[in-house]
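Each value in this text was obtained by applying a stated rule to the coordinates, not by laboratory testing. Small disclaimer: the values here were computed from a predicted structure and weren't measured. Note that we place each Cβ from the backbone using ideal geometry, even for glycine, and neighbour counts take in every protein chain shown.
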Amino acid sequence: MPSRLLYLVRHAEQDRPEEEADTGLSARGRRQATLLGERLRGADFAAVHHGPARRAAETAALVAAALPGVPVYADDRAGDHLPHDTDPAGLPDRYAEFLAAFTERERVDGPRVTAEAVARFATPPDEGDVRELIVTHNFLVGWLVRHALEAPERRWIGLNHQNAGLTVIRYAPGLPPALIAHNDVAHLPPELRATGLPEHYLI
């Protein structure tokens, strides 16, 4: 039976996110990505895909350094976008305020791109076994986990993932998606893991 093993990674720690939206990795982030690459060394990936943001591209490059011969592709579908135009009614105030900050264009474009990502990556392959790695952002990882579990659409909010955390989902014909691993950071020493829940982990 053909199957797709989809490895999802939230990009490693960003450098100075409070100063600029699209910066590369911090020193901690580079170490996180390097250790993730060491963990995945030898995995038979068909490809590594990453979103266009610098933090995602740099994470993918450091991971791919441990995966010689595996092609690396930039893909807008793996970018940082609003996955669903969620109705804020009944949500905690801070989530409602967060959702209200998105523009009308983001409310249209984000779900469209997310649907394209689901159609491309969250399906069984036509034949054979396929293993792919996507270096992306918290929102898309959360949406794909929600999708795999057939949870209500609004449950993508609050599914938070550590930098360089690893999530794995299997897709096979005739079977529901199987969540194999979620937010796994066994490759990171304690000092490179989140020690609390800073603001950006809550949304």
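So what's the net charge close to A96: Lys and Arg +1, Asp and Glu -1, counting the other residues with Cβ under 15 Å from its Cβ?
Values: positive: R94, R107, R154; negative: D85, D87, D93, E97.
The answer is -1.
A61 to E127: extension gain in nm, 0.36 nm per residue of separation minus the Cα-Cα distance?
Working: separation 66, 0.36 × 66 = 23.76 nm, distance 2.83 nm.
Gain on stretching A61 to E127: 20.9 nm.
Under the definition of Cα pairs under 8 Å and six or more residues apart, what whole-number percent is the relative contact order of segment 3-201?
Details: 391 pairs, mean separation 60.0, N = 199.
Value for segment 3-201: 30 percent.
Summarise the long-distance tail of P(r) for segment 7-63 by giving the % of C-alpha pairs beyond 17 Å. Could the numbers behind the result be given before it?
Numbers: 542 of 1596 pairs.
That fraction is 34 percent.
Using +1 on the beta carbon of Lys and Arg, -1 on that of Asp and Glu, and nothing else charged, what's the dipole of segment 55-114 about the Cα centre, debye to 20?
Numbers: 6 positive and 11 negative charges, 39 e Å.
Taking the Cα centre of segment 55-114 as origin, the dipole is about 180 debye.
In segment 5-76, what GluC sites (Glu not before Pro) fall in a loop by DSSP, with at most 14 other Cβ atoms inside 10 Å?
Numbers: sites: E13, E18, E19, E20, E38, E58; in loops: E13, E18, E19, E20.
Those that pass, being in a loop and sparsely packed, are E18, E19, E20.
Would you please state the base-10 log of I(q)/I(0) at q = 0.20, 0.26, 0.31 1/Å for segment 108-153, with intensities from the Debye formula using one equal scatterer on every alpha carbon?
-0.74, -1.13, -1.32
State to the nearest 20 debye the size of the charge dipole of segment 140-195 about its Cα centre, where the only charges are +1 on K and R beta carbons and -1 on D and E beta carbons. Before the final figure, lay out each step's value.
On the way: 5 positive and 4 negative charges, 21 e Å.
In total the dipole reaches around 100 debye.
For the chain, state the average projected area of the convex hull of the C-alpha atoms over all orientations, rounded to one decimal in nm². Show your work: numbers first, answer last.
Numbers: hull surface 45.2 nm².
So the Cα hull casts an average projection of 11.3 nm².
Please give the FRET efficiency for E150 paired with A21, using the beta carbon to beta carbon distance and R0 = 25 Å, rounded to the nearest 0.05. The partial results should precede the final answer.
Working: r = 33 Å, r/R0 = 1.31.
Calculated transfer efficiency: 0.15.
Which part of segment 49-79 falls in the paramagnetic zone of R112, meaning amide N under 19 Å from the point 7 Å along Cα-to-beta-carbon?
52, 75-79
As a test of the formula, what do you get for the chain when each DSSP H run with n ≥ 4 contributes -39,500 (n - 2.57) and the sum is divided by the residue count, at 222 nm and rounded to the nearest 500 deg cm²/dmol? Display every interim value, and only then the final one.
Working: 5 runs with 63 residues, N = 203.
Computed mean residue ellipticity for the chain: -10000 deg cm²/dmol.
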